[in-house]
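Heads up: the structure comes next, in structure tokens.
The values are calculated or read from the model by the stated rules, or taken from the named source; none is laboratory data. In this text, all values refer to a predicted model and were calculated from it rather than measured experimentally. So basically every Cβ, Gly included, is an ideal-geometry build from the backbone, and we count neighbours across all protein chains shown.
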Amino acid sequence: MDRFLGIVLVAGLGCFVLAFVLSGLYPWMLNEGSAPEATLDELAEDVSVEFKDLKERWPEGFRQAYGAEEALNLQELVGVPEGDARRTASDAAWRTAYRKALQDGRDAYVGEGCWHCHSQYVRPVANEDTRFGPVSRWEQDNNALQRPVLWGTRRVGPDLTYEGTLRSNDWHAAHFWDPRVVSPGTVMPAYRWFFRDGFQVRRRIDPDIASRTGLDPQTSYPVPGVYDTRAEAEQAMARVAAETPENLAGERERLFIEEGRGLNDRGLSILAYIQWLGTWQPQPVEGGA
Ligand code: HEC
């Protein structure tokens with residue numbers, strides 16, 4: 001019996017040492033003699049299309065999460081030439097917002113325990129590369145968002161190394177709200193606290209226009225933007241009505257306000273992070289292999 005307990009003790013300590021080497025020493029060793037670890041600023045250099053799309057889809061949640069800076073308004077830039085100061089200011093504001101989203105999203109990924117079910121490491125065995133993408137290389141972990149490395153502990157869900165841009169923002173939002181809607185039978189839990197409730201402008205489509213455009217006149221369509229109070233939603237409705245062209249006057253009559261729901265700052269950030277995964281590639285090391 002003593003012998004048995006001894007084996008258990010040694011095996012337990014062995015697992016601890018292995019975990020320490022993999023999660024603690026390995027990332028530290030990565031930096032030896034290689035390119036410096038990529039900083040968050042470098043990772044946020046190229047703001048993704050998917051991140052900009054979050055603002056179009058959930059403008060009010062986006063404003064609450066990343067500020068109401070005028071420079072984030074892409075419509076303002078239509079017709080503004082390359083190199084103009086307004087473009088430079090806009091790029092800088094977007095990078096700041098993206099940087100915050102990536103950091104918050106990564107923290108939320110850790111905090112929510114997503115890594116209990118998802119790995120971020122494609123192994124060179126069992127044809128994993130045909131399922132998930134190219135086998136992971138250590139350079140890919142040499143960045144600020146992989147500290148500590150998020151390899152995960154086991155795989156209940158698929159590996160997420162190359163998840164970015166694979167699916168649309170809408171797909172992910174639906175998946176967070178109710179995973180079984182888009183993936184029947186999945187065991188992934190719902191993340192309802194990634195959403196906020198409020199009021200939203202909706203529009204019924206004129207039957208004539210609906211028949212020409214293939215829309216359904218029996219239903220109504222949401223105008224992006226979920227507001228905390230009904231009064232704010234009413235102001236938004238007035239703006240939408242004012243922007244509706246004269247020849248669509250009937251459409252103005254069909255605007256109304258209903259309770260709505262959109263992603264909150266936690267949901268937006270984690271989505272930005274998920275869409276980033278696999279999109280960053282390390283620079284080749286000079287003189288290196
Ligand atoms: C209990 C285990 C479990 C947890 C916890 C979990 N997931 Fe999942 N996840 C799954 C399973 C199983 C699937 C595959 C079926 C599906 O699409 O839901 C999946 C699928 C996904 C996908 C789609 C992958 C693809 O392209 O097919 C994403 C993205 C994802 N999860 C993100 C997350 C995030 C972010 C979290 C944490 C907020 C999380 N998951 C937490 C089990 C889990």
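Go through the range 169-179 and give me each residue that's more than 8 Å from the ligand (Cβ to nearest atom) and either among the hydrophobic types (A, V, I, L, M, F, W, C) or assigned to a helix (DSSP H, G or I) (or both).
Selection gives Asn169, Asp170, Trp171, Ala173, Ala174, Trp177.
Does Ala101 satisfy the criteria of being touching a residue at least 60 places away in the same chain (Cβ under 8 Å) and not basic (Lys, Arg)?
Considered against the rule, which asks whether it is touching a residue at least 60 places away in the same chain (Cβ under 8 Å) and not basic (Lys, Arg), Ala101 comes out as yes.
When you scan the range 148-168, do you find a residue that is away from the ligand (no atom under 16 Å from the Cβ) and assigned by TED's automatic domain parsing to the domain that holds His116, even just one?
Checked the range 148-168: at least one residue is away from the ligand (no atom under 16 Å from the Cβ) and assigned by TED's automatic domain parsing to the domain that holds His116.
Kindly list, by first and then second residue, each pair from a residue in the range 176-193 that is surrounded by 14 or more Cβ atoms within 10 Å (Cβ to Cβ) to a residue that is of a type in the set (Ser, Thr, Tyr) and not in a helix (DSSP H, G or I), limited to pairs with Cβ atoms under 7 Å and residues at least 6 apart or on different chains.
Phe176/Tyr191; Pro179/Thr186
Just give me the residues in the range 119-148 being in a loop (DSSP other than H, G, I, E, B) and more than 17 Å from Glu37 (Cα to Cα), in sequence order.
Ser119, Gln120, Tyr121, Val122, Arg123, Pro124, Val125, Ala126, Asn127, Gly133, Pro134, Val135
Considering Gln275, Gln281, which residue is surrounded by 13 or more Cβ atoms within 10 Å (Cβ to Cβ), among the polar types (S, T, N, Q) and out of contact with any Lys or Arg (no Cβ under 6 Å at 6 or more places or on another chain)?
Only one candidate qualifies: Gln275.
Hand me the list of helices (runs of 4 or more DSSP H) wholly inside the range 1-90 holding 1 or more residues that are in contact with a Ser or Thr (Cβ under 9 Å, 6 or more places away or on another chain) and modelled with pLDDT of 90 or more.
49-57, 59-66
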